[in-house]
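Scroll down for the structure; my scribbles are underneath it.
Just so you know, all these numbers are worked out from the coordinates, no wet-lab data involved. Quantities reported herein were computed from a predicted structural model and do not represent experimental measurements. Every residue, glycine as well, gets a Cβ built from its backbone with ideal geometry; the counts of neighbours run over all protein chains shown.
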Amino acid sequence: MQKVQKQIEKLKKSFHSTNDFSSRIFVSQKGIVGFVFLKSMIDAQLFSQAVYLPIQKWQGQIDISSLINKILKNNGVEEVAESEIENNILDGKVIIFSDFFEGYISVDITKYPTRTPSEPPTSPVIQGPREGFVEDFKTNMTLLRRRLHTKDLVFSTLIVGEMSQTKVILSYIEGVADKRVIKEIETKIKNIKIDGIVDSYYILSYLQKRPNSLFKQIGNSEKPDVVASKMLEGKVAIIVDNSPIVLTVPFILMEELQSSNDYYTNHHYASLVRFIRMCGLLIAIVAPGFYLALQLFHYNILPLNFLITIADTTQGLPFTPFLEILFIFLLFQILYEVSLRLPSYLGLATSIVGALILGDTGVKAGLISPPGVIITALSKIALYTVPEQQSQITVLQVLFIILGGSLGILGIVSGFVYVVNYLNSLDDYHTPYMAPYAPRIKEDLQDGLLKRAIGANKNMPRSFPNSKGRER
Amino acid sequence: MKTISARQTGIIVFLTILANKILVLPSILYKNSKADSIFVMLALFFIEFLILLVFLKLKKNYPNQTFLSILQKKLGKIIAKTIIFVFLVFFLFKTMLTYSVLFVYLKDLVYQDEFGFLALICLIPVINHATIIGLRSMSRTFEMFYYLVVVGIVFCLAIAFFTDISTPILFVSPVSSLFASAWQGLFAFGDYLVLFIFIDRITIKKGEAKKVMLFALVGVIFVLAIFTIFYSKYQLTSFMHNNALADLLVFSVQFNAIGRLDIIAMLTIMTLGLFQLEIFLTAFCDCFVMVFSKLSIKYATAVFDILFLVIYLVLIAKYEVMISLATSILPYLAIVASYLLPILFYALSFKHKREVKDEENH
């Protein structure tokens with residue numbers, strides 16, 4: 001009695017007598033059996049039906065072997081060392097121990113609220129699978145396993161976070177993913193020193209070689225079909241418990257112009273859409289800056305009728321063109337932030353107020369010009385052709401507004417060359433960021449801006465390292 | 001070692017060939033040798049092409065060695081560093097000339113007012129950054145923009161071609177004028193010299209030398225096409241047009257019908273100018289690091305910025321001074337750097353061949 005009680009007290013103390021810490025005692029003919037668990041993490045009904053009652057009803061000898069093989073026939077029953085007890089309890093397992101046998105048994109009857117896989121709001125598709133990852137890592141592993149029916153699919157678990165003890169699962173196809181990349185990721189994750197990981201984004205900044213960079217250097221997706229197809233190309237997926245976003249490494253910018261829709265539709269149409277996305281990206285970044293450059297420095301280039309329209313509409317504005325565009329930009333950004341944070345019914349009302357009242361009245365009151373509103377709105381809408389890069393593009397928009405407004409087209413060209421030079425200097429995990437265009441990798445161009453039919457992609461991509469690909 | 005491919009090397013060659021030749025040079029040469037300047041260009045290109053062959057030979061003989069180590073091994077430390085220093089000065093003035101040509105274009109046609117410092121603010125950080133991130137990243141950018149530059153130039157040529165043009169009047173200048181023109185245009189050449197500086201970072205696999213030569217040929221064809229169409233279009237008034245590529249678009253029917261198409265020439269020239277500045281500055285900084293081996297590339301760019309600012313205030317602000325320097329004194333530097341030294345390198349590659357043969361015989 002004393003031994004079991006002592007152990008329970010010890011564990012309770014180590015859990016700081018938390019409210020959800022529970023223990024049960026069962027007195028059998030041979031002695032006492034103790035059960036310890038966190039009631040917030042287990043299935044209480046299952047505990048009484050599949051753990052407590054079978055032990056209570058058992059007439060024979062109770063020891064470790066009989067508990068595992070005869071009494072508790074669940075899948076998740078195993079013997080654990082004393083040092084692992086606390087972690088097992090935290091994982092939602094029940095720990096069983098007694099004063100008449102040595103050792104500890106852990107029974108997995110974890111139950112906590114999880115979401116069922118549904119279509120992720122960030123990447124809806126017209127055709128193709130609609131399942132999305134959820135916060136539970138086990139479900140996410142299952143979703144991948146269902147798509148990659150091979151014994152070469154490997155999941156390797158690492159624990160990160162002093163306090164959160166978050167499970168980070170590296171997933172890759174053995175023989176396809178490059179060993180150097182796996183090793184590099186593993187080392188980086190193992191070296192993370194942090195109190196807690198609450199989302200995969202926390203891991204992301206540790207995996208990037210330039211964590212202060214504006215540009216995303218790690219891929220991410222909420223869709224298992226996308227992650228599975230990336231793994232088939234030799235990429236490594238990183239599943240983080242409690243996060244529906246799965247990271248993929250290595251990453252190239254071209255991935256942002258690709259959408260899962262492209263692979264479930266006619267490839268000619270997919271090529272067209274990718275080209276439009278590319279144009280959208282360029283318009284989003286440079287349109288306001290370019291408009292300013294033309295208006296302030298190079299108005300002689302504008303067609304005469306357009307110039308007259310601009311002159312007519314900007315006459316008498318209280319702001320300079322530069323301030324006007326910045327003002328409209330700020331207005332759009334405020335409306336965007338507001339619509340994100342407000343409940344949907346209010347968000348709609350805000351959009352109407354923003355678009356109609358502020359925009360229209362602003363123009364009528366002579367505070368802003370219609371071309372300014374149109375150009376800024378166009379660039380803001382174009383931004384959503386590549387929604388994943390939304391934050392980066394917004395920063396670039398401001399940069400190009402400043403460059404175009406202060407230096408004209410030379411500023412835009414210089415800024416653009418600077419950004420492309422910078423992007424070309426990114427080569428995390430032996431992968432050139434701008435591949436397959438810089439450096440030009442002929443074989444991979446078939447899934448670049450122009451997409452060929454899926455059957456034409458006979459070789460493994462060479463833009464990033466993979467075991468089957470050519471060493472670059 | 002972060003190396004660049006034969007294709008990227010070819011694109012660097014293509015970009016440097018266009019440097020300083022497609023804006024001011026046609027009008028400068030026209031003053032001396034009229035439309036026969038095309039022949040002058042052809043002759044100079046031919047000689048320059050031989051230098052490319054010298055480079056390819058040297059690369060074949062010393063596949064992974066730096067330029068400095070090759071020179072040091074054959075000529076000793078002092079002579080090697082002196083040669084590198086000559087290159088350093090050569091590339092400094094090449095950068096200056098490229099900048100001043102771009103500056104004049106911006107001042108005359110794009111901004112129509114004094115623009116010097118504004119352009120400096122804009123260009124210096126970009127080319128410094130490109131130099132610091134290194135040749136490989138830079139050449140990847142060139143690779144991305146290559147087709148855009150080609151399309152831009154072809155567009156300018158095409159628009160000009162469809163306007164009122166007549167065959168340029170050839171064979172009118174005496175031989176002495178041709179030589180005078182060649183002398184004036186000499187400093188605009190010597191572009192392949194950047195390859196010698198980058199020799200250790202260039203990977204040319206077997207059979208890929210042709211690729212580099214092909215890009216060089218495309219560059220030469222483009223320059224000659226610009227010269228020919230420019231002279232065909234402006235004939236006797238060619239000397240008045242200081243911005244050849246941009247001026248090709250002016251007075252064309254399509255130009256007025258579609259709208260102002262300056263934007264195409266503008267973007268092409270600005271992009272080209274920036275790339276050329278990046279290449280020459282990288283070559284300058286590499287030479288600097290070879291001469292002052294204890295200093296890093298960041299110091300080299302800082303030194304360049306200071307030198308640039310000083311020379312800018314003295315020379316480029318007065319465009320005529322820079323051009324007269326480029327057509328009178330700098331050709332002497334070009335003779336040494338672009339012709340005499342490559343001959344020396346050619347001799348070195350022969351010497352190396354003989355040594356290898358001797359070793360084999362032993």
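A few comments on the model shown:
- Angle between chain B longest axis and helix B:6-18 axis [Cα atoms, degrees, rounded to 10]: 50
- Per residue, the convex hull around the alpha carbon atoms of the stretch A:45-130 comes to 142 Å³.
- A simple spin-label model places pseudo-atoms 7 Å from Cα toward Cβ; at A:Gln315 and A:Ile374 they are separated by 1.8 nm.
- Efficiency of FRET from Cβ geometry, A:Val198 and B:Thr203, R₀ 56 Å, rounded to 0.05: 0.75
- Cα→Cβ-extended label distance, 7 Å offset, between B:Ala302 and B:Lys2, nm: 2.1
- Options B:Val151, B:Met138, B:Met322, ranked by Cα towards positive dipole end of the stretch B:6-361, top entry (Cβ charges): B:Met138
- Nearest-0.05 FRET efficiency for B:Ala225 and B:Ser176, computed from C-beta distance (R0 30 Å): 0.65
- For the stretch B:218-308, the fraction of alpha-carbon pairs in successive 5 Å shells from zero, as %: 3, 11, 15, 16, 14, 9, 10, 9, 7, 4, 2, 0
- Stretch gain in nm, segment A:Asp43-A:Phe275, where the contour uses 0.36 nm per residue and the Cα spacing is subtracted: 78.3 nm
- Legend: mean number of C-beta atoms from other chains within 10 angstrom of residue C-beta atoms, peptide B:120-132, equals 4.
- Residues whose amide H falls under 5 Å from that of A:Ile42, counting only those 5 or more places apart or on a different chain, are A:Lys111, with hydrogens built in the peptide plane.
- Remark: mean inter-chain Cβ contacts per residue of B:268-280 equal 2, using a 10 Å Cβ-Cβ cutoff to other protein chain atoms.
- Summing Cβ point charges (Lys, Arg +1; Asp, Glu -1) relative to the Cα centre of chain B gives a dipole of roughly 1280 debye.
- Other residues with beta-carbon under 14 Å from the beta-carbon of A:Tyr269 carry, at +1 per Lys or Arg and -1 per Asp or Glu, a net charge of +3.
- Kirkwood hydrodynamic radius over Cα pairs of chain A, then Stokes diffusion coefficient at 20 °C and 1.002 mPa s, in µm²/s: 81
- Computed magnitude of the charge dipole of chain A (debye, nearest 20; Cβ of K, R +1, Cβ of D, E -1): 740
- Convex hull of the stretch A:263-425 built on C-alpha atoms - directionally averaged projected area, nm²: 11.9
- In terms of its Cα atoms, the stretch A:150-205 spans 34, 20, 16 Å along the principal axes, sorted from long to short.
- Inter-chain Cβ neighbour average for residues A:403-410, partner chain, 10 Å: 5
- Lysine pairs meeting the criterion (Cα under 16 Å, 8 or more apart or interchain), as found in the stretch A:113-202: 5
- Exposure proxy for A:Asp427, A:Asp199: other Cβ atoms within 10 Å of each Cβ, ordered fewest to most, give A:Asp199, A:Asp427.
- Applying the Karplus relation 6.51 cos²θ - 1.76 cosθ + 1.60 with θ = phi - 60° to the stretch B:185-201 yields 3J(HN,Hα) values of x, 4, 6, 6, 9, x, 6, 5, 4, 4, 5, 4, 5, 8, 3, 6, 9 Hz, where x marks Gly and Pro.
- This ranking places A:Thr187, B:Thr163 by how few other beta-carbon atoms lie within 10 Å of each, fewest first, which gives A:Thr187, B:Thr163.
- P(r) weight above 20 Å for the stretch A:330-472, C-alpha pairs, percent: 65
- Only alpha carbons enter this Debye calculation for the protein assembly as shown, each as an equal point scatterer, and the log10 of I(q)/I(0) it gives at q = 0.05, 0.07 Å⁻¹ is -0.39, -0.69.
- Centre-to-centre, using Cα atoms only, the stretch A:255-330 and the stretch A:172-209 are separated by 38 Å.
- Applying the Karplus relation 6.51 cos²θ - 1.76 cosθ + 1.60 with θ = phi - 60° to the stretch A:295-312 yields 3J(HN,Hα) values of 5, 8, 10, 10, 5, 5, 7, 5, x, 3, 4, 5, 4, 5, 4, 4, 4, 4 Hz, where x marks Gly and Pro.
- For the stretch A:2-25, the residues whose backbone nitrogen is under 20 Å from a point 7 Å from the Cα of A:Ser66, taken along Cα to Cβ, are A:4, A:25.
- Nearest 10 degrees, 0 to 90: helix A:390-425 Cα axis against chain A principal axis: 30
- The calculated FRET efficiency for the pair A:Val398 and B:Ser293, based on their C-beta separation and a Förster distance of 60 Å, comes to about 0.90.
- Additional length obtainable on full extension of the chain from A:Asn74 to A:Tyr345, 0.36 nm per residue less Cα span: 92.8 nm
- Reduced Cα scattering model of chain B, Debye log10 I(q)/I(0), q = 0.06, 0.14 Å⁻¹: -0.22, -1.19
- Nearest-ten-degree value, helix B:77-105 long axis tilted from longest Cα axis of chain B: 20
- Its Cα gyration tensor gives the stretch A:2-108 an equivalent ellipsoid; the semi-axes, largest first and in whole Å, are 20, 15, 13.
- Options A:Val154, A:Gln127, A:Asn191, ranked by Cα towards positive dipole end of chain A, top entry (Cβ charges): A:Val154
- A cut-off under 12 angstrom between Cβ atoms defines the neighbours of A:Ile197, and their net charge, with Lys, Arg +1 and Asp, Glu -1, is -2.
- P(r) histogram, all alpha-carbon pairs of the stretch A:137-251 included - 10 Å bins from 0, percent: 14, 51, 31, 4
- Going from the fewest other Cβ atoms within 10 Å to the most, the residues A:Ser425, B:Ser324 appear in the order B:Ser324, A:Ser425.
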